[in-house]
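The values are calculated or read from the model by the stated rules, or taken from the named source; none is laboratory data. Please read these numbers as outputs of a predicted model, since none were measured by experiment. All Cβ positions, even for glycine, are placed from backbone atoms using ideal geometry, and neighbour counts span all protein chains on display.
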Amino acid sequence: MPSRAVFLDRDGTIARDVHYCRRVEDFEVLPTVPQAIRLLNENGFRVVMITNQSGIARGYFTGETLDQIHQKMKAELAKYNAWVDAIYYCPHHPDDGCDCRKPGTALFLSAAKEFDIDLGRSYVVGDMQMDIDAGAALGCKTVAVTTGPDHGKNIVDPPDYVADSLFTAAERIVGDLSVVTTIIVPAFNEERGLPVVLEKLFSVVDADYEVIVVDDGSTDRTPEVASRFPCRVVRHKRNRGKGEALRTGIALARGKHIIWLDSDDTYPTDRIPDIAKALSDGADLVYASRMTGRERIPAFNRVGNAVFRLLIRGIYDFEPYDPCTGLCGAKRHHLEAMGLRSHKFAIEPEIAMKAGRMKLRMLDMPIEYHPRIGQAKLNGVKVGFEDMLMILRLLFWQPKKGVRYE
């Protein structure tokens, strides 16, 4: 799926406007800009800076100095876990007649080609009329910020929005997102499996979905891999468990429907649109039951799953076949009403048991379980103990009285 992007001007938008800034020490990122860019990063936008730098042609500074300035900018953003995906600049004099100097659109088009950006779903943000003109020519939405030296007074043709800071602009841009379904992918040290899952995922979903990857304290390149895709990437500083990662995703989700799946390619991503449709058609809960391919589950885990399946279905009136599956969907308000507590792998059984007690409308969707990519990290004995403890802990759990689960 093509990416959304926010194209940012530099001077007066990201940084304080210094007349032909020619020294690294004179470059200063404006307040709240790192937080604004991080907000865009976390919401799946590509962030691309496009800036006119005719000071090179005028002999005020060199390309090497400009690179050092931009390295300083990246370092300042990194302190807040924020980043720009790319920087494009025009080094030419205004009299050179190039097509890359704003309001020309050549640099924007180059970025759109490199990052597969859908310009119609993207934004151009700047403090000058040339930024607004470029955005309008591209078919992007335009946002004027008043943080430049003339506070936006030079902008004559009205943009789509006016904001008093880049952070305010970012909040408005994120607020524009229309999301029906949120897909949560908890990941821990899955640099091999995650890109395969996300590649498949973005081939079957559209703009009505948001994708949140919750990196649960990975020590490999999992966060870097996730950032290459148009998804929100949220990081836990340390490994806290799948349940914690899923709960983080639920808390951040904007969709009224939530689907989650494992990041090791064991579950078929092409069934996600079917799960989303089932939720839209009235199902409260969809569990993708591993009806074929179960021989790919380690024998000990397979026996444990069978035992827990019998207990959960028998005690808690859970209808689907597989309460321990890692591909599920539910209406968000039901998940919120459950008051989920699991820290680790007992999260799916907990949801299944509480759903049974809440008498939700459940749909069982048969799937084939695939071989995982990479080495399994769960311990079958520990997971079994957690599941059994959760079964016992919820024996007397009942949903709140007087609450209608519709």
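Summary table
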read-out	value
Tally, over the stretch 169-202, of residues that are of a type outside the set (Asp, Glu), part of a helix (DSSP H, G or I) and either closer than 30 Å to Thr269 by Cα or without any contact (Cβ under 8 Å) to a residue 24 or more places away in the chain (or both)	11
Residues of the stretch 1-57 that turn out to be among the charged types (D, E, K, R) and within 22 Å of Cys231 (Cα to Cα), as a count	4
Unmet requirement for Pro159, which otherwise passes all of (1) touching a Gly at 6+ places or on another chain (Cβ under 9 Å); (2) within 16 Å of Met49 (Cα to Cα)	(2)
Residue check for Asp150: more than 30 Å from Ile250 (Cα to Cα) and modelled with pLDDT under 95	yes
Extreme residue, surrounded by the most Cβ atoms within 10 Å (Cβ to Cβ), among residues of the stretch 83-110 that are touching a strand residue (DSSP E or B) at 6+ places or on another chain (Cβ under 9 Å) and among the aliphatic types (A, V, I, L, M)	Leu107
Residue ranges of strands (runs of 3 or more DSSP E) in the stretch 1-107 with at least 3 members hydrophobic (A, V, I, L, M, F, W, C) and under 29 Å from the mean Cα position of the chain (by Cα)	4-8, 45-52
Asp220 of a type in the set (D, E, K, R) and either more than 16 Å from the chain's Cα centre (by Cα) or more than 26 Å from Pro349 (Cβ to Cβ) (or both)	yes
Yes/no for Lys113 being surrounded by 17 or more Cβ atoms within 10 Å (Cβ to Cβ) and within 17 Å of Met49 (Cα to Cα)	no
Residue in the stretch 398-406 that is of a type in the set (S, T, N, Q) and touching a residue at least 40 places away in the same chain (Cβ under 8 Å) present	yes
Within the stretch 17-68, considering residues that are among the charged types (D, E, K, R) and over 20 Å from Ala86 (Cα atoms), the one modelled with the lowest pLDDT	Arg22
Failed condition for Val47, given (1) surrounded by fewer than 18 Cβ atoms within 10 Å (Cβ to Cβ); (2) closer than 20 Å to Thr142 by Cβ	(1)
Any hit, the stretch 12-33, residues being surrounded by fewer than 21 Cβ atoms within 10 Å (Cβ to Cβ), under 27 Å from Gly139 (Cβ atoms) and of a type in the set (Ser, Thr, Tyr)	no
Criterion: modelled with pLDDT of 95 or more and surrounded by fewer than 19 Cβ atoms within 10 Å (Cβ to Cβ) - qualifying residue of Val196, Val185, Val179	Val196
Arg221 being touching a Ser or Thr at 6+ places or on another chain (Cβ under 7 Å), among the charged types (D, E, K, R), over 24 Å from Leu177 (Cα atoms) and assigned by TED's automatic domain parsing to the domain that holds Phe345	no
Residue tally, condition in a helix (DSSP H, G or I), among the aliphatic types (A, V, I, L, M) and touching a Phe, Trp or Tyr at 6+ places or on another chain (Cβ under 7 Å), over the stretch 225-261	1
Sole exception among (1) part of a loop (DSSP other than H, G, I, E, B); (2) surrounded by fewer than 16 Cβ atoms within 10 Å (Cβ to Cβ); (3) of a type in the set (Val, Ile, Thr) for Val381, by number	(1)
Matching option when the condition is touching a strand residue (DSSP E or B) at 6+ places or on another chain (Cβ under 9 Å) and either over 19 Å from Met358 (Cα atoms) or among the aliphatic types (A, V, I, L, M) (or both), among Tyr287, Tyr267	Tyr267
When residues of the stretch 116-138 are limited to those that are under 24 Å from the mean Cα position of the chain (by Cα) and part of a loop (DSSP other than H, G, I, E, B), the one surrounded by the fewest Cβ atoms within 10 Å (Cβ to Cβ)	Asp116
